[in-house]
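To keep things clear, I will list the structure first and then write my remarks on it.
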Amino acid sequence: YRTPDPEIPVPHEVEVLHRDDRLVVVDKPHFLATTPRAGHVTETALVRLRRDLGLDDLAPAHRLDRLTAGVLVFTADPAHRGAYQDLFAARRVTKTYLAVAPAPDGVATVRERSSRILKTRGILQAAEVAGEPDAHTRITLLDTRGAGPDRLGLYRLEPTTGRTHQLRVHMNALGTPILGDDLYPHVLDVTPGDFTRPLQLLASEIAFTDPVTGQPRRFTTGRSLEAWN
């Protein structure tokens, strides 16, 4: 293995929400990738947790975007890894997100977006394209602050699918792009190591029926969105 190039440390800790023989559930900070990819190797949740917890067999049951914070589930026992990964792949997991975005006058309290999303390798943005929808999100406006063109909203986002950048694409398509988004509606040039403007998107809760025990599981973030503090 080659020695990875030096990486700029992400100045936030990965908080462990739950740990047992089969699962490790954490509260991932913004700016930390889930797994090694491109220029992010040591500064990823997986590598940090394997090192800090001494769990060489740790593997993600699903993934969060690098810029999204919140609840992230890892499997600790290879014997049960497939059961949990299949749970997420089969969409038998309820995921709830919170986001801060513009809330223009007249925006509906509840909106839904269904579309077909295409993410092409080498292109930063994903795009909605013609065809059978493969992405669906329910969006609920929970609260607002301010007035006029500066009014902001706190939204609950409930995806029933898990396409790349789905929540960011759907919020932007509806005219309410998430605060701090450096891809939608426009690709912005962000200096490496600039952690001052986190995407205001948080994986707030994950719930499912444990495929091994049959018991209900529910994990909730302890983080908040700074634009709403």
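Of the strands (runs of 3 or more DSSP E) entirely within the stretch 123-174, those holding at least 2 residues that are in contact with a strand residue (DSSP E or B) (Cβ under 7 Å, 6 or more places away or on another chain), over 14 Å from A103 (Cα atoms) and of a type in the set (A, V, I, L, M, F, W, C) occupy 127-129. Here T213 meets each of (1) open to solvent by 50 Å² or more (accessible area, probe 1.4 Å); (2) in contact with a strand residue (DSSP E or B) (Cβ under 6 Å, 6 or more places away or on another chain) with one exception, condition (2). Taking the stretch 117-141 as the range and being open to solvent by 80 Å² or more (accessible area, probe 1.4 Å) and more than 23 Å from V187 (Cα to Cα) as the test, the residues that pass are E132, R138. Among residues of the stretch 207-229 being of a type in the set (V, I, T) and not in a loop (DSSP other than H, G, I, E, B), the one that is nearest to T196 (Cα to Cα) is T220.
Considering the stretch 176-209 alone, what residues qualify as being under 13 Å from the mean Cα position of the chain (by Cα) and among the hydroxyl-bearing types (S, T, Y)? Before you say what the answer is, go through the steps one by one.
Of the residues in the stretch 176-209, the ones under 13 Å from the mean Cα position of the chain (by Cα) are 178, 181, 198-206.
If the condition is that a residue be under 13 Å from the mean Cα position of the chain (by Cα) and among the hydroxyl-bearing types (S, T, Y), then S204 is the only one that fits.
The values are calculated or read from the model by the stated rules, or taken from the named source; none is laboratory data. This is a predicted model, so every value here is computed, not measured. When we count neighbours, we look across all protein chains shown, and the Cβ atoms used for this are built from the backbone with ideal geometry, even at glycine. The protein model used for the area step is the full one, side chains on, heavy atoms only, and it has no ligands, DNA or RNA in it. Shrake-Rupley method; radii C 1.70, N 1.55, O 1.52, S 1.80 Å.
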